[in-house]
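The values are calculated or read from the model by the stated rules, or taken from the named source; none is laboratory data. Everything numeric here is computed off the predicted structure, so don't read it as measured data. Cβ sites come from the backbone with ideal geometry, for glycine too, and all protein chains shown count toward neighbours. Heads up: the accessible areas ignore ligands, DNA and RNA and are worked out on the full protein's heavy atoms, side chains in. Shrake-Rupley method; radii C 1.70, N 1.55, O 1.52, S 1.80 Å.
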Amino acid sequence: MTPTKDLALVALAALGGSAAAQESLPFPPPPSASIAKPSMQASTHQWRKQPSHLPADAPNVLVIMLDDAGFAQSDLVGGEIHTPTLARIADTGIRYNAFHTTAVSSATRAALLTGRNHHRVGNGQIAEAANDWDGYSGVIPKSAATIPEVLRDYGYNTAAFGKWHNTPANQTTSMGPFDRWPTGHGFESFYGFIAGETSQYEPRLYRNTTPIEPPRDPKYHLTEDMAGQAVSWLQQHQAYAPNKPFFMYWTPGAVHGPHHVFAEWADKYKGKFDSGWDAYRERVFARQKQLGWIPADTRLNPRPDGLPAWDSLSPEEKKYQARLMEVFAGFLEHADTQAGKVVDELEHLGLRENTLIFYVFSDNGASSEGLQGSIDELLTQNGIPSQPAEHIKVLNEQFGGLAALGTAKLDSMYHAAWAQASSTPFQGTKLMAGYFGGTRTPMALSWPKKIKADATVRTQFHHVNDIAPTIYEALQITPPKSVDGIAQDPFDGVAMGYTFANAKAAPQKHTQYFEFMGSRGIYHDGWMASVAGPRLPWSPTFAGFINWNPDNDKWSLYKLDQDYAQFEDLAAREPKKLAEMKSLFDREAVANKVYPVGGGAFVFLNPGQRQSSGLSEWHFGGSVTRMPEPVAPNIKSRSNLVTVSVDVPANANGVLYALGGAGGGISLYIENGELVYEYNALILRRTKIRAAGRLPAGPTQVQVETTMLAPKPGAPAQIVLRVNGREVGKGLVGMTVPLLFTASETFDVGTDLGSPVSLDYAAKAPFAFNGRVMAVDVKYQP
């Protein structure tokens, strides 16, 4: 028996169990217990018994994971945002202060669900930016079966709620294939969205593989819906299958941007951030030490160059930045409260005692993608620089001021300096894989039946890829060598059971690499070597990649048992150790398909290589809707001709086609008989071209010709409108959007589903056309 299995058996023995081995899944069906003879009278009938492959008291498993929350935000950890559910799980279980993610969404989720490193399972980048290198394909291989795939074969019911960010973008249409959707990866039930983010008020949802539209109800909120759906599923599970355990994956997508929450939640924090991010860092740092979440000798990393001092802001900007943080804080408390509803239901049903709960506070560090505070976070991903004054001007002139923040009208994100303060005491934020501001998150674990509550903070170094082995260990399952006839890759994760009863146990995870878009690091037995990479997360451009050679990067070195927050760089004093660590990173990178380093940035540097359908012409019938933007025709930043064949009624109103949503998009619509084209450039700029005169009633051909005026990202474009071959309107879009308007909105014919592109018809959305769209034809132009 291997040492790893020996350790697993010791941990299982402490929990009162014994290991079971099944090398190949699924289990063979049991033989019939009946005897068949030529006549029914001579035959005997007895229902075959389905054998159990689990211990009699196998626990339910619930994974809760929020999105883009920072290490220093929760009041459990010393922050100033109330998170009662995280505290509830910690207070009834155990807590960890050296638990890590991968620095970005898709990668963390793939590692959690498989127990393998993120590049090994094709998720070195978010799904929308996948490329054809093995480590960045966006495809979880079938050689890395997910937790629900394995547990389903062992007799578990499985369900997922919320964000699913692990399907390649070109496989997210209604034509599938669906084997990379949640239901293809072992979840029998899924309710959520297939993207990196979505509106909390008008989300693009699926039930299993069927698109559904949320109610247009001013009281609707997606995270509340996710809690309600999970509670309903638990009630049905207990009604229909009370003797089966379940695995639930509740990852609602909050508090990723856009920061959407009702005003009453944001107003709970009114005035609480008026002193700014510098004062917040100092207060939280002191409180973290008082609570014992960080060692007493921890040193606070300084605010990095490039992020301004709070006192350097104007009074007007301070109000704007403080309100952005109030909105976020309300959003986070709201999300944690919704998670509490799921835990409440477990208690109501009598299931809490024997449910193993992992509450991973976030899938990565706090997001600095709002740069200087933004009314639309996609400005960053598109490399479009802007200034707070521009955002404040748009807020005041178009939306009535700061009260609009948090509403469906905007896709707001807080300042990068709030994200850095929310990462106290660490360096870095989300997207920075080499530093703990991007990868370290609080984690609480509870299983009242088997784990005694203990407030002592666990300090062992662990990673999200350790959750799958921990679950299998707790269920006395030996990971299968084969699933559905496919040989399985070994785990990279290490079971955490040895920490359950012993807070001071020697760590058993010895090595873990990190990498995202060139930012990278390697942990080994208490040492960490790190590289910031060619682009800081709060940079609006990818200019750092130009002429970048990773061989020339400057590495830092840290001794973590003496330096919890990566404060003191020992590289110059310990060159031999640094060389060993760099060599170890190279070995891990080769073994895990990390190379080329920075490969995750390829699509951002080469927008023309973005995964797409490969088509240059499309024909859409009038019933086509919900085509995800990443695979829809690029009518926003490429020369093209769109031809709409339409039957116009006398009182014509409605959308002919729309791409994107409130955060950015293009819409061609008719308002009281007049044709209107709008280009919404990420809320910051809007171009509206209104055709001269009313459209003629009856069969009509409408054309929109887009001509890019320069071969560079963000270049202006000339728009010409024609009706039955005659020019009726012309205008200039001063700034185009090179990559994506949104992460989850779609291309729709005859309506604008989801959030509305134009403010003109926002109150009437989806503003379906009251005539008939026969066809929409799109053709790229030279």
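Within the stretch 10-120, what whole-number % of the accessible surface is contributed by carbon and sulfur, with the 1.4 Å probe and all protein chains included in the calculation?
On the way: 2580 of 4420 Å².
Accessible surface attributable to carbon and sulfur in the stretch 10-120 totals 58 percent.
What is the extension gain from D484 to F567, computed as 0.36 nm multiplied by their sequence separation minus the C-alpha to C-alpha distance, in nm to one decimal? Walk me through the numbers before you get to the answer.
On the way: separation 83, 0.36 × 83 = 29.88 nm, distance 4.76 nm.
Residue separation times 0.36 nm, minus the Cα-Cα distance, leaves 25.1 nm.
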For the stretch 776-781, in order, what is each residue's ³J(HN,Hα) by Karplus, 6.51 cos²θ - 1.76 cosθ + 1.60 with θ = phi - 60°, in whole Hz (x at glycine and Pro)?
10, 10, 10, 9, 5, 9
Taking placed amide H atoms and a strict 5 Å upper bound, the residues 5 or more places from N208 or on another chain that come that close are F190, Y191, G192
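Magnitude of the Cβ-charge dipole of the stretch 132-260, K/R +1 and D/E -1, about the Cα centre, nearest 20 debye?
Working: 9 positive and 12 negative charges, 42 e Å.
With Lys and Arg at +1 and Asp and Glu at -1, about 200 debye.
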Of the peptides 261-272, 149-160, 98-109, how do they stack up when ordered by the mean number of other Cβ atoms within 10 Å, highest first?
98-109, 149-160, 261-272
Using θ = phi - 60° and Karplus 6.51 cos²θ - 1.76 cosθ + 1.60, couplings along the stretch 391-402 (whole Hz; Gly, Pro as x):
5, 5, 4, 5, 4, 6, 7, 10, 10, x, x, 5
As a quick test, which of the pairs K554/K577; K289/K559; K430/K582; K636/K712; K163/K430 have an alpha carbon distance above 21 angstrom in this structure?
K430/K582
Is the shape of the stretch 672-782 rounded, prolate or oblate, going by the alpha carbon gyration tensor and its root eigenvalues a ≥ b ≥ c, with a/c under 1.5 for rounded and a/b larger than b/c for prolate?
oblate
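Please get the size of the charge dipole for the chain, origin at its Cα centre, with Cβ charges of +1 on Lys and Arg and -1 on Asp and Glu, quoted in debye to the nearest 20.
Details: 69 positive and 76 negative charges, 121 e Å.
Approximately 580 debye in magnitude.
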Mind checking which of H462, P203, W233 is farthest towards the positive end of the chain's charge dipole, using Cβ charges of +1 (Lys, Arg) and -1 (Asp, Glu) about the Cα centre?
W233
Scan [x] 201; [y] 176; [z] 216 for the value of volume of the Cα convex hull per residue in Å³ calculated from this model and give just the label.
[y]
Once D777, D551 are ranked on solvent-accessible area with the largest value leading and a 1.4 Å probe, the list reads D551, D777
For a paramagnetic label modelled at 7 Å from the Cα of K577 toward its Cβ, which residues of the stretch 440-469 fall within the zone defined by backbone nitrogen distances under 18 Å?
461
Residue by residue through the stretch 139-156, what is 3J(HN,Hα) from phi via Karplus (6.51 cos²θ - 1.76 cosθ + 1.60, θ = phi - 60°)? Round to whole Hz and write x for glycine and proline.
10, 6, x, 5, 7, 10, 4, 7, 3, x, 4, 6, 5, 4, 5, 8, x, 7
For the stretch 179-300, what ratio Rg/Rh do Cα atoms give with a Kirkwood hydrodynamic radius?
1.10
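Semi-axes of the equivalent ellipsoid for the stretch 388-529, please: Cα gyration tensor eigenvalues, times 5, square-rooted, ordered largest first, whole Å.
Working: eigenvalues 310, 74, 72 Å².
Each semi-axis is √(5λ); the values are 39, 19, 19 Å.
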Distance from a point 7 Å along Cα→Cβ of A241 to each backbone N in the stretch 38-66: keep the residues under 20 Å and list them by number.
48-64
For the chain, what is the accessible area per residue in Å² when the probe is 1.4 Å?
36 Å²
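Rounded to the nearest 500, what is the 222 nm mean residue ellipticity of the chain from helices alone, with -39500 (n - 2.57) per DSSP H run of 4+ residues and division by all residues?
On the way: 15 runs with 164 residues, N = 782.
Taking each H run of at least 4 residues, the total per residue is -6500 deg cm²/dmol.
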Dipole of the stretch 390-449, positive direction: furthest Cα of W418, F399, G428, with charges on the beta-carbon:
G428
Prolate/oblate/rounded call for the stretch 290-333, Cα gyration tensor, a/c under 1.5 rounded
oblate
Identify, among F161, V343, Q488, the residue whose Cα sits farthest towards the positive end of the charge dipole of the chain, taking +1 on the Cβ of Lys and Arg and -1 on the Cβ of Asp and Glu, with the dipole about the Cα centre.
Q488
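Can you compute the charge dipole magnitude of the stretch 282-378 about its Cα centre, using +1 on each Lys and Arg Cβ and -1 on each Asp and Glu Cβ, nothing else charged? Give it in debye, rounded to the nearest 20. Kindly include the intermediate steps, with their values, before the conclusion.
Working: 10 positive and 17 negative charges, 85 e Å.
Here the stretch 282-378 has a charge dipole of around 400 debye.
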Would you mind calculating the gained length between R690 and D57 on full extension (0.36 nm times residue separation, minus the Cα-Cα distance), in nm to one decimal?
221.1 nm
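Within the accessible area of the stretch 657-701, what % is carbon and sulfur when the probe is 1.4 Å and the other protein chains stay in place? Walk me through the numbers before you get to the answer.
Numbers: 610 of 1310 Å².
Here it works out to 46 percent.
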If amide H atoms are built 1.01 Å from N in the plane of the peptide, which residues on other chains or at least 5 residues away come under 5 Å of the amide H of L356?
N60, V61, L62
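Could you tell me the calculated FRET efficiency between N770 and F178, based on Cβ-Cβ distance and R0 = 41 angstrom, to the nearest 0.05? Before the final figure, lay out each step's value.
On the way: r = 34 Å, r/R0 = 0.83.
That gives a FRET efficiency of 0.75.
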